[in-house]
Amino acid sequence: MQLMRGITMMTSRAWAFLGAGLLSVAGALLPGCTHPAQLLPGVSERAVAFVGVNVVPMDTERVLTDQTVIVRNGLITSLGPSAEITVPKDAERIDGHGRYLMPGLVDFHVHLHSEEQLLSYLAHGVTTLFELDGSPRHVELRAELAANQRFGPRLYTSSPLLDGGPPGGRVVSVTTPEQARVAVVRQKLAGYDAVKVYDNITPEVYAILVAMARQQRIPVVGHVPRTVGVETVLRSHQALISHGEEYFLAASRDESRLADLARATKEAGTSVVPDLVHIHTSLRMLKDLEGVFADPESRYLSPEVMRNWRYSNPTRRVDVAEFGERERAAYPFVQHLTLALQKEGVRLVLGTNASDAGLFPGKSTHLELAELVEAGLTPYEALATGTRNAVAFIKDHVDPAARFGTVAVGQQADLLLLPGNPLEDVGQADRALGVMVRGQWLKRETLHKMRETSARSFSER
């Protein structure tokens, strides 16, 4: 697919690279990453019927057995017991007996570094993405996907990073109150769905930025600026904290404070992306970088992305020993924080930081689901982070008319057909027999062939 013009490789932390040469590679536009665009045909007016299927609607923790679900023009038009639903004569019938139908997944923290990654997300059942380091190209791509001019998931996008210090790359410098006011208005006018804040914003500038964002009705998402602190961020009602690790870095490493932090987060109405897979993958790369990079999913990444991974991974840090020690301490802290937030009723949303180094698009989404269960969430609670919770955030902060994240009449038809019950085994969500995106049904075999075609094209450049 065509390279995203203007997208740079950004890590979730400011990497301490071995020399200025590495910095120039990591921050540069990926060269030559062109790919034939795959267009999604217009949604067929022909109905699709999932017959005799067990529905996991994700509105509550339940399974509706032996249901028939009718989809037409990209929407769910009928859902009910199979004995009570008449299947239209023109419908494509999909046998759902013994199978489970659930909503497509949402990854709320991605970095799309090249457009062939869209197909990888769909192949893993991820039908909605939130890019958290946006560019004008992301805004264009969002429109192309919404108009079915491009094949891939639904897309939302934040602004580029707003940060203190001198401007560099696509980072928007906000070192004064006036710069903060202007930056927020510009991001709103540019069409971004949120304003993303980063590490080095001062308390004075942060306060102005949040106030202006509230005035402009655009949510603030992202990091906890280091000199601002997590308590101030929560008092400011920042809409989303994009890493659970932000609490570890900016608040306190004292686990006795977890209950207080969870209560404060709930009172603030702030949503949180735990992003455990990001920490775990960093630790795996420190232990066995080549093993991580040898994942079979690597064949579906462009050579340019893989080359950048070799420059922007934890083993290239000058403070690698200190970083490893910190991440080993952060991992259990964020596990315990995640469970505390869940118990307090904080809205957790699923996010991965893919495709930063080691985080494969789509696969990382399911690794994060497993991480959430390992942290103590039930399969339903984990799946809710990537379905109903995600759309609840979108409705509250971006688009009140959003209709996805559950299986119900009137909802957009982003669906996964699974061989087993994901409420018993969250791993079933990564074994989809087929994926429906905006009413377009794609069998697993079809998606696999499309990915193989994409992979072969890399060697033909």
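The values are calculated or read from the model by the stated rules, or taken from the named source; none is laboratory data. These numbers were taken from a predicted model, which means no experiment stands behind them. Methodologically, a virtual Cβ is constructed for each residue, glycine included, from the backbone with ideal geometry; neighbour enumeration extends over all protein chains shown.
Which one of these is more than 25 Å from the chain's Cα centre (by Cα) and on the phi > 0 side of the Ramachandran plot: Gly222, Gly169, Gly165, Gly229?
Values: Gly222 fails: more than 25 Å from the chain's Cα centre (by Cα); Gly169 fails: more than 25 Å from the chain's Cα centre (by Cα); Gly229 fails: more than 25 Å from the chain's Cα centre (by Cα).
Testing whether each residue is more than 25 Å from the chain's Cα centre (by Cα) and on the phi > 0 side of the Ramachandran plot leaves just Gly165.
I'm told Asp107 meets every condition in (1) touching a Leu at 6+ places or on another chain (Cβ under 8 Å); (2) in a loop (DSSP other than H, G, I, E, B); (3) acidic (Asp, Glu) except one. Can you identify the failing condition by its number?
The one condition Asp107 does not meet is (2).
With the condition kept exactly as written, say whether any residue in the range 288-298 is over 13 Å from Ala357 (Cα atoms), out of contact with any Lys or Arg (no Cβ under 8 Å at 6 or more places or on another chain), aliphatic (A, V, I, L, M) and touching a residue at least 24 places away in the same chain (Cβ under 8 Å).
no
Give me the pairs, please: first residue somewhere in the range 240-251 and at pLDDT 95 or above and crowded, with 24+ Cβ neighbours inside 10 Å, second residue anywhere and assigned to a strand (DSSP E or B) and among the small types (Gly, Ala, Ser), beta-carbon distance under 7 Å, and either six or more positions apart or on two chains.
Within 7 Å, the pairs are Leu240/Ser271; Ser242/Gly222.
Across the range 408-439, what is the total count of residues that are at pLDDT 95 or above, outside any strand (DSSP E or B) and under 20 Å from the mean Cα position of the chain (by Cα)?
Going through the range 408-439 one residue at a time, the tally reaches 10.
Looking for something of a type outside the set (A, V, I, L, M, F, W, C) and buried (at least 23 other Cβ atoms within 10 Å of the Cβ) - is there at least one such residue anywhere in the range 166-178?
Step one: filter the range 166-178 for residues of a type outside the set (A, V, I, L, M, F, W, C), giving 166-170, 173, 175-178.
Right, trim to buried (at least 23 other Cβ atoms within 10 Å of the Cβ) and you get none.
Checked against the condition, which is being of a type outside the set (A, V, I, L, M, F, W, C) and buried (at least 23 other Cβ atoms within 10 Å of the Cβ), the range 166-178 yields no hits at all.
Give the residues of the range 409-454 that are more than 23 Å from Ala370 (Cβ to Cβ) and surrounded by 15 or more Cβ atoms within 10 Å (Cβ to Cβ), sorted by residue number.
The initial filter retains those residues of the range 409-454 that are more than 23 Å from Ala370 (Cβ to Cβ), namely 409-413, 436-443, 445-446, 449-450, 452-454.
The answer is Gln411, Gln412, Ala413, Met436, Val437, Arg438, Gly439, Gln440, Trp441, Leu442, Met450, Ser454.
This table checks each residue for (1) touching a Leu at 6+ places or on another chain (Cβ under 9 Å); (2) closer than 16 Å to Leu132 by Cα; (3) in contact (Cβ under 8 Å) with a residue 12 or more places away in the chain; (4) surrounded by 23 or more Cβ atoms within 10 Å (Cβ to Cβ).
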{"residue": "Tyr192", "(1), (2), (3), (4)": "no, yes, yes, yes"}
{"residue": "Ile208", "(1), (2), (3), (4)": "no, no, yes, no"}
{"residue": "His223", "(1), (2), (3), (4)": "yes, yes, yes, yes"}
{"residue": "Thr227", "(1), (2), (3), (4)": "no, no, yes, no"}
{"residue": "Leu234", "(1), (2), (3), (4)": "yes, no, yes, no"}
{"residue": "Glu255", "(1), (2), (3), (4)": "yes, no, yes, no"}
{"residue": "Val273", "(1), (2), (3), (4)": "yes, yes, yes, yes"}
{"residue": "Val277", "(1), (2), (3), (4)": "yes, no, yes, yes"}
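Going through Arg307, Arg284 one at a time, which residue ends up being over 28 Å from Met450 (Cα atoms), out of contact with any Phe, Trp or Tyr (no Cβ under 8 Å at 6 or more places or on another chain) and not polar (S, T, N, Q)? Talk me through it step by step, then tell me what you get.
Values: Arg307 fails: over 28 Å from Met450 (Cα atoms).
Result of the check over Arg307, Arg284: Arg284.
Filter the range 397-408 down to residues that are over 19 Å from Ile76 (Cβ atoms) and touching a residue at least 12 places away in the same chain (Cβ under 8 Å) and give me whichever is surrounded by the fewest Cβ atoms within 10 Å (Cβ to Cβ).
Going residue by residue through the range 397-408, those that are over 19 Å from Ile76 (Cβ atoms) are 397-398, 400.
Still in the running and touching a residue at least 12 places away in the same chain (Cβ under 8 Å): 397-398.
On the way: His397: 19, Val398: 16.
Step by step, filter the range 397-408, then rank; the result is Val398.
With respect to Leu442, is the statement that it is touching a strand residue (DSSP E or B) at 6+ places or on another chain (Cβ under 6 Å), part of a strand (DSSP E or B) and under 15 Å from Pro103 (Cβ atoms) true? Break it down into steps so the answer makes sense when it comes.
Details: touching a strand residue (DSSP E or B) at 6+ places or on another chain (Cβ under 6 Å): yes; part of a strand (DSSP E or B): yes; under 15 Å from Pro103 (Cβ atoms): no.
Here the answer is no, as Leu442 does not meet what is asked.
For the range 138-146, does any single residue satisfy the condition of being surrounded by 24 or more Cβ atoms within 10 Å (Cβ to Cβ), under 30 Å from Arg62 (Cβ atoms), touching a residue at least 12 places away in the same chain (Cβ under 8 Å) and out of contact with any His (no Cβ under 7 Å at 6 or more places or on another chain)?
Going residue by residue through the range 138-146, those that are surrounded by 24 or more Cβ atoms within 10 Å (Cβ to Cβ) are 138, 141.
This time we only want the ones that are under 30 Å from Arg62 (Cβ atoms), so: none.
The answer is no; no qualifying residue exists.
Quick test of your reading of the structure: Gly345 fulfils all but one of (1) on the phi < 0 side of the Ramachandran plot; (2) over 20 Å from the mean Cα position of the chain (by Cα). Name the failing condition by number.
So Gly345 meets the others, but not (1).
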